[in-house]
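For reference, the structure is listed below as structure tokens.
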Protein chains: 2
Amino acid sequence: MSRAVVLLSGGLDSATTLAIAKADGYDCHALSFRYGQRHAIELDAAGRVASAARVDLRVVDIDLRAFGGSALTDSRIAVPEAPTSGIPITYVPARNTVFLALALAYAETLDARDIFIGVNAVDYSGYPDCRPEFIAAFEKTANLATKIGVEGGERIRVHTPLIAMTKAEIVRRGVALGIDYALTVSCYQPDDNACACGKCDSCRIRREGFAAAGIVDPTNYA
Amino acid sequence: MSRAVVLLSGGLDSATTLAIAKADGYDCHALSFRYGQRHAIELDAAGRVASAARVDLRVVDIDLRAFGGSALTDSRIAVPEAPTSGIPITYVPARNTVFLALALAYAETLDARDIFIGVNAVDYSGYPDCRPEFIAAFEKTANLATKIGVEGGERIRVHTPLIAMTKAEIVRRGVALGIDYALTVSCYQPDDNACACGKCDSCRIRREGFAAAGIVDPTNYA
């Protein structure tokens, strides 16, 4: 079995990505970040998802609050509860570049050539670092950056199995793979009981995905 | 004045890079990492260099020991005291990718378009992430990854003023710019008094650089 690093946030997309990587036969090593996000509830969710999938989860601390600049890492900036135009304020500066760089470091120490990330460029919030051209550029960088890329025989690959799927397709695929989406948290601002707000962009996209898939949404909304 | 983020390790190369960025007229914001390196002495050096240059220094914690795999982040792996072939064990997996990703995040929150890194591909240890092709690929990634890259008018640039210089040229340039290299630490394994070992790859390259430049080496060797 080839080893793979799977970025796992505890949300719907990354849980589905992990299930796909496992179904594809990879020996998966999940990676999460305590990056100064508004709530630790998503890390609890990542732990539940990794346990249910029986994969090792590593949590790395990287405090992006040191830079701020996003509603997700600066508590003084409110999470929008209605759609906005352009790249929204929930965009965290260079987040996927930082996460992929750390996944690459972990892959290299595991002697893994495969990295999975659950980015999606269909039903998404318009973040620049979720687009296929970004992923392709990062993959090229990864192969030039590392010992395994330069000396290893096989190319490093960044897999984005969800990138061209609608949210409804993702939900259907995950349910077919046996995921219990009640374990996952997508909301940008869940309350202390892990109930989703139902209003933020992430809740809205998740809700519409379940509805379009014709599958009961197991999310607890406040 | 345009703002720039300058990666500052406290070594000779990054101190020179900061001086060049200042001389080029940038409003410099230095960035260092507490990444689990063997010694904190290099962070002290970064503090001294930033103070002497009168620039703000931000230190971000990112524990690369969580992954290990290098003599610089795993105390069980010895630092080689003689040249080795291939990419040496002091290579830290994906380190410059991680550092540049975080510099990019910081640049974005500062609304800066310029990042400086003191990589050198002449008198260096053979790390893959010090080569011009890596830097060019990262720069392309940065412009696709970020809000400032996508929505901003001006391209993000990764500057590598030292990349084609010999160590002797770097030392001469730094001295001309008024750097006190006694403030800097290059050694991979300084002792508790911040004395350099004089034996590791980094000490060897630094020593030869001062000798070739015909400039007295202010380093305290053990």
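What tally of residues in the stretch B:18-36 results from selecting those that are part of a helix (DSSP H, G or I) and out of contact with any helix residue (DSSP H, G or I) (no Cβ under 9 Å at 6 or more places or on another chain)? Walk me through how you get there before you give the answer.
Here is the first cut: in the stretch B:18-36, the residues part of a helix (DSSP H, G or I) are B:18-23.
Checking which are out of contact with any helix residue (DSSP H, G or I) (no Cβ under 9 Å at 6 or more places or on another chain) leaves us with B:21, B:23.
Looking only at that region, the number is 2.
Go through the stretch B:9-49 and count every residue that is closer than 18 Å to B:THR73 by Cα and of a type in the set (A, V, I, L, M, F, W, C). Outline the logic, then answer.
Looking only at the stretch B:9-49, we keep the residues that are closer than 18 Å to B:THR73 by Cα, and these are B:9-11, B:32-44.
Pick out the ones that are also of a type in the set (A, V, I, L, M, F, W, C) and you get B:33, B:40-41, B:43.
Selection size over the stretch B:9-49: 4.
I'd like the full set of residues that are surrounded by fewer than 21 Cβ atoms within 10 Å (Cβ to Cβ), at pLDDT 85 or above, in contact with a helix residue (DSSP H, G or I) (Cβ under 9 Å, 6 or more places away or on another chain) and more than 8 Å from chain A (Cβ to nearest Cβ), limited to the stretch B:119-142.
B:ALA121, B:ALA136
All but one of (1) within 13 Å of chain B (Cβ to nearest Cβ); (2) over 20 Å from A:SER32 (Cβ atoms) hold for A:ILE163; which doesn't?
Unmet for A:ILE163, out of (1) within 13 Å of chain B (Cβ to nearest Cβ); (2) over 20 Å from A:SER32 (Cβ atoms): (1).
If you go through the stretch B:44-70, how many residues are touching a residue at least 60 places away in the same chain (Cβ under 8 Å) and crowded, with 21+ Cβ neighbours inside 10 Å?
The first filter runs over the stretch B:44-70 and keeps only residues touching a residue at least 60 places away in the same chain (Cβ under 8 Å), leaving B:44-45, B:48-49, B:52.
Imposing the further condition that a residue be crowded, with 21+ Cβ neighbours inside 10 Å reduces the set to B:45, B:49.
Qualifying residue count, the stretch B:44-70: 2.
When only residues in the stretch B:97-136 that are of a type in the set (S, T, N, Q) and under 14 Å from the mean Cα position of the chain (by Cα) count, which is farthest from B:ARG157 (Cα to Cα)?
Filtering the stretch B:97-136 for residues of a type in the set (S, T, N, Q) gives B:97, B:109, B:120, B:125.
Now restrict to residues that are under 14 Å from the mean Cα position of the chain (by Cα): B:97, B:120, B:125.
Numbers: B:THR97: 15, B:ASN120: 17, B:SER125: 25 Å.
Restricting to residues being of a type in the set (S, T, N, Q) and under 14 Å from the mean Cα position of the chain (by Cα), the top hit is B:SER125.
Out of all the residues in the stretch A:143-159, which are free of Cβ contacts under 8 Å to residues at least 60 places away in the same chain and more than 8 Å from chain B (Cβ to nearest Cβ)?
A:ASN143, A:ILE148, A:GLY152, A:GLY153, A:GLU154, A:ARG155, A:ILE156, A:ARG157, A:VAL158
Just the residues that are among the hydrophobic types (A, V, I, L, M, F, W, C) and buried (at least 24 other Cβ atoms within 10 Å of the Cβ), please, taken from the stretch A:100-118. Explain how you work it out, then say what you get.
If we filter the stretch A:100-118 for residues that are among the hydrophobic types (A, V, I, L, M, F, W, C), which is where we start, we get A:100-105, A:107, A:110, A:112, A:115-117.
Selection gives A:LEU100, A:ALA101, A:LEU102, A:ALA103, A:LEU104, A:ALA105, A:ALA107, A:ILE115, A:PHE116, A:ILE117.
Among (1) out of contact with any Pro (no Cβ under 8 Å at 6 or more places or on another chain); (2) at the interface with chain A (Cβ under 7 Å from one of its Cβ atoms); (3) over 22 Å from A:GLU133 (Cα atoms), there is one condition B:THR109 misses while meeting the rest; what is its number?
(1)
Failed condition for A:ALA103, given (1) part of a helix (DSSP H, G or I); (2) farther than 30 Å from B:TYR91 by Cβ, with all others met?
Here A:ALA103 meets the rest and fails (2).
From B:ARG34, B:ARG48, B:ARG76, which residue is among the basic types (Lys, Arg), more than 12 Å from every other protein chain (Cβ to nearest Cβ) and within 28 Å of A:LEU110 (Cβ to Cβ)? Spell out the reasoning first.
Working: B:ARG34 fails: more than 12 Å from every other protein chain (Cβ to nearest Cβ); B:ARG48 fails: within 28 Å of A:LEU110 (Cβ to Cβ).
Of the residues listed, the single one that is among the basic types (Lys, Arg), more than 12 Å from every other protein chain (Cβ to nearest Cβ) and within 28 Å of A:LEU110 (Cβ to Cβ) is B:ARG76.
State whether the residues of the stretch B:171-184 include one that is touching a residue at least 40 places away in the same chain (Cβ under 8 Å), in contact with a His (Cβ under 8 Å, 6 or more places away or on another chain) and closer than 17 Å to B:LEU43 by Cα. First the steps, then the outcome.
Here is the first cut: in the stretch B:171-184, the residues touching a residue at least 40 places away in the same chain (Cβ under 8 Å) are B:171-175, B:177-181, B:183-184.
If we keep only those that are in contact with a His (Cβ under 8 Å, 6 or more places away or on another chain) too, we end up with none.
No; the residues of the stretch B:171-184 include none that is touching a residue at least 40 places away in the same chain (Cβ under 8 Å), in contact with a His (Cβ under 8 Å, 6 or more places away or on another chain) and closer than 17 Å to B:LEU43 by Cα.
If a residue must be in contact with a Leu (Cβ under 9 Å, 6 or more places away or on another chain) and among the aliphatic types (A, V, I, L, M), how many such residues does the stretch B:167-204 contain?
Final tally of qualifying residues: 4.
Which residue, of A:ILE87, A:ILE41, is surrounded by fewer than 21 Cβ atoms within 10 Å (Cβ to Cβ), within 10 Å of chain B (Cβ to nearest Cβ) and out of contact with any Cys (no Cβ under 6 Å at 6 or more places or on another chain)? Walk me through how you get there before you give the answer.
Numbers: A:ILE41 fails: within 10 Å of chain B (Cβ to nearest Cβ).
Testing whether each residue is surrounded by fewer than 21 Cβ atoms within 10 Å (Cβ to Cβ), within 10 Å of chain B (Cβ to nearest Cβ) and out of contact with any Cys (no Cβ under 6 Å at 6 or more places or on another chain) leaves just A:ILE87.
As an exercise: evaluate B:THR160 against (1) at pLDDT 90 or above; (2) farther than 16 Å from B:ASN120 by Cβ and give the number of the one condition it does not meet.
(2)
Please find, among A:ALA53, A:ALA66, A:ALA94, the residue that is among the small types (Gly, Ala, Ser), within 16 Å of the chain's Cα centre (by Cα) and at the interface with chain B (Cβ under 10 Å from one of its Cβ atoms).
Values: A:ALA53 fails: at the interface with chain B (Cβ under 10 Å from one of its Cβ atoms); A:ALA66 fails: within 16 Å of the chain's Cα centre (by Cα).
Within the list A:ALA53, A:ALA66, A:ALA94, the selection yields A:ALA94.
Here are some residues: B:VAL158, B:VAL216. Which one is touching a Phe, Trp or Tyr at 6+ places or on another chain (Cβ under 9 Å) and not in a loop (DSSP other than H, G, I, E, B)? Don't jump to the end; show me each part of the working.
On the way: B:VAL216 fails: not in a loop (DSSP other than H, G, I, E, B).
None of the others qualify; the one that does is B:VAL158.
Looking at the stretch B:119-133 only, could you name the residues that are outside any loop (DSSP other than H, G, I, E, B) and over 13 Å from B:MET165 (Cα atoms)? So that I can check it myself, show each step before the final result.
Looking only at the stretch B:119-133, we keep the residues that are outside any loop (DSSP other than H, G, I, E, B), and these are B:128-130, B:132-133.
Selection gives B:PRO128, B:ASP129, B:GLU133.
Exactly one condition in (1) modelled with pLDDT under 90; (2) outside any loop (DSSP other than H, G, I, E, B); (3) buried (at least 18 other Cβ atoms within 10 Å of the Cβ) is false for A:VAL150; which is it?
Unmet for A:VAL150, out of (1) modelled with pLDDT under 90; (2) outside any loop (DSSP other than H, G, I, E, B); (3) buried (at least 18 other Cβ atoms within 10 Å of the Cβ): (3).
Out of all the residues in the stretch A:1-36, which are polar (S, T, N, Q) and surrounded by fewer than 19 Cβ atoms within 10 Å (Cβ to Cβ)? Show your work before the answer.
Restricting attention to the stretch A:1-36, the residues satisfying the condition of being polar (S, T, N, Q) are A:2, A:9, A:14, A:16-17, A:32.
Hit for the stretch A:1-36 is A:SER2, nothing else.
The values are calculated or read from the model by the stated rules, or taken from the named source; none is laboratory data. The model shown is predicted, which means the values in this text are computed figures rather than measured ones. No Cβ is skipped: glycine too gets one built from the backbone with ideal geometry, and neighbour counts run over all protein chains shown.
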